[in-house]
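Structure, as structure tokens:
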Amino acid sequence: MHLTQQIALNATVVVALVAVAVGFTAVWSNPERLVNRGFFAASLFVAVWLYCLDRVREGGVDGQFWAQATAIAGAAIIVPIWFIKEAIVHDSESGAVMLKRGIGWIVASAFLGFGRASNWLVNGVNVSLWGFILGSAALYGFLLRQTLRDLRLATGVKRLELQITLLGGSSTGLAIMLLVVVRNAADLPWVTQLYPLAVLVFYSGTVVAITTSRVFNARQILLAVAQKFSLVGLVGTVAYGLDLVLSPLVAAPVALLSTVALALWFAAELNGWLNRLFQFYPQATAVRQAAFEAARREAKVENLEREFLSILKGWGQADHVLLLCGERGELRGSGLTPEMEAKLLRAMRQLRWATPERLTRERSSPDREEVARFLAARALGVIVIGEGPTLTALVGVGVPANRRPFTYPQVTQLIELASIMESALERAHFAVKVQHTEQLATVGLLGASLAHEIRNPLVTIKTFVQLLPQHHHDAAFRAKFFRLIGDEVNRIDRLTEQLLDLASPRAYVATQVELHPVLRASLDLVAAKASDKNIAFLTDFTAKPDLVHTDASAAKQVMLNLCFNAIQAVEGHAGERWVKVATRNVPAGVEMAVADSGPGIAPDIRPRLFQPFQTTKSSGFGLGLAICSDILANLDATISVDPAGTGSGATFRVIFPCQPQSS
């Protein structure tokens, strides 16, 4: 036996085994689905046909028997293909009802198969062969006509699966019939070696496309095939040309290495160009850029979620979308019980993405049923999960306006969008935590000084209470007592309110406020801290007018952070010890400057001064200035530090806008 014949035989057996393996995988993934059962039956018929064909090519005394078996098995393949089409269209019917309706197809295929096996000759013409070819072509043509008719009435995933059945199953049968015609009309025995290739390309692709969890449409499959064939063909042509050019010029090893290197480089460049040329969804790049822009522009969790929901609606062409996120698996606003939420998250961590079509195709489980119920309750067409170190996010999109299911290329885009959104939301959540931590650290710094400030009015109240029994009948004393008690209690109340206000996390919203009263409201806290450290605290508020567009709490937080940094810098410094807060009018708005007489800022720290974790102090995390910068950036304000000067401390300048920034 020739080597080429041996290779062809082995290839036929391999393709037969592949068909059985793919069919078994399909029915194992979801044995309850009739489409999967139909594919398994088709796989067995195809494997039997290929095995019989292999035995025919081997020859021998049993050649006639295997030829007849090949004809019967080949004719029978159309029955499971018809069954698959019916299972897609009438998915609510039972298999027995479908088979009863398909009696005509079974009889027709049996007639063709046994007619071909008879090998009837008339005047030297093999009538049974040409009758088999024409009859099979007629059956496949009728099946195509039925599929096209059903295609006009089908919607959603049924339409996509019918398109793929039309493209795959029916086209496979017609392609093999064409090869049979070519083989017998032109008397080319080697054409039979192409039968397994046709089966492998068309049939296996169809099986994978319809029975796996990934939904494709016919256009996507054609584009993917065209892309891969273009890549292989062009790279192979270039490699062949390079080898022809380089072989006469340089040594064989050099020519080989040069050809491989240049071909690989060309393949990488060509693949990127083909990806852009055959792009399934051109809007994917624009949506990705919009998500990145929103993540860069917005820092508040609420604003980010609102921006991302708008992007998801535009991407999915859906009227409703879903974005749930939380820490340690606790999803805010999910509306689920802890047990249901745990099942949902457990299933999504395993699946990574889910669509109603995927859950229908794959084997069911209690957790996956929970996902299916969640999708149905929220009317979602797809849901994906994104997880970071601390945050879990579920991103879902409703059924599109065109009612078509989400295909796998769209799912991969949504997974990428979910990753971008999860990272941005995690960063925003972390920023909120860090701000709160910094606020609590500031409260800690105020503890001892504030205790001293509260003790003074308490001592005054205690003294008057002790004197009250002796001067109870003195009207002037009573009037002074009541006035002083009220003033001192109000003073304590103001101090505690400022402390609680400083410690509470908040979302900053810019409004028109007068800057000087806002700053003076917190001066008692700073002055108490400076006095406790024997540091002079100076103010020079000269800005007139002082009306700015900012958040009062944010201005307090920034002023306190800068002042406490200045106090800490001056605390261990010899010589003059002072901290000064001043305001003035500048063209861009109202400037608040916080200066000190400390040692200044080291040159190596200045370029990274407003980045996180930059500090020269022995305690703290170096987050204060970074937080100030983020807060001010969200309020359209700016912060900067003066250039280093010889023998001078540091001066930070914050410019608050007088009017809201135009969008």
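So here's what we get for this one:
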quantity: Gyration tensor (alpha-carbon) shape descriptor, segment 284-432, a/c threshold 1.5; calculated: oblate
quantity: Extension gain (nm, one decimal) between Y240 and R149, 0.36 nm per residue minus Cα-Cα; calculated: 28.1 nm
quantity: Computed label-point distance, nm, for sites K100 and A633 using a 7 Å Cα→Cβ extension; calculated: 7.1
quantity: Partners for K300 among lysines (Cα-Cα distance below 16 Å; same-chain residues under 8 apart left out); calculated: K433
quantity: Phi to ³J(HN,Hα) by Karplus 6.51 cos²θ - 1.76 cosθ + 1.60 over segment 232-249, Hz, x for Gly, Pro; calculated: 5, x, 5, 5, x, 5, 5, 5, 5, x, 4, 5, 5, 6, 7, 4, x, 8
quantity: Estimated distance in nm for a label pair at R373 and R427, the labels positioned 7 Å out from Cα along Cα-to-Cβ; calculated: 3.8
quantity: 21 Å Cα-Cα reach of K462 towards lysines, excluding residues that sit fewer than 8 places from it in its own chain; calculated: K480
quantity: Placed amide H near V586: partners under 5 Å, 5+ positions off or other chain; calculated: E591
quantity: Cross-link reach list, aspartates and glutamates versus K529, counting only Cα pairs under 19 Å and skipping chain neighbours closer than eight places; calculated: E438, E453, D493, E497, D501, D540, E571, E576, D596
quantity: Loop-resident sites, segment 301-358, for trypsin sites (Lys or Arg not before Pro), counting at most 13 other Cβ within 10 Å (DSSP); calculated: R328, R332, R352
quantity: Shape call, segment 228-277: gyration tensor on alpha carbons, a/c limit 1.5; calculated: prolate
quantity: Using a Förster distance of 41 Å, the FRET efficiency for E576-Q512 (Cβ separation, nearest 0.05); calculated: 0.60
quantity: FRET efficiency for L538 and A286, using Cβ-Cβ distance with R0 set to 60 Å, rounded to 0.05; calculated: 0.65
quantity: Projected label distance in nm at H90 and V489, using a 7 Å step from Cα toward the beta-carbon; calculated: 8.7
quantity: For segment 284-432, size of Cβ-based charge dipole, Lys and Arg +1, Asp and Glu -1, in debye; calculated: 360
quantity: Extension gain from L468 to K228, taking 0.36 nm per residue of separation minus the Cα-Cα distance; calculated: 76.7 nm
quantity: Set of segment 388-419 residues, backbone N closer than 19 Å to the point 7 Å along the Cα-Cβ line of H320; calculated: 394-406
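Every number here is computed from the coordinates shown, using simple stated rules; none is lab data. All of these numbers come straight from a predicted model, not from anything done at the bench. Note that we place each Cβ from the backbone using ideal geometry, even for glycine, and neighbour counts take in every protein chain shown.
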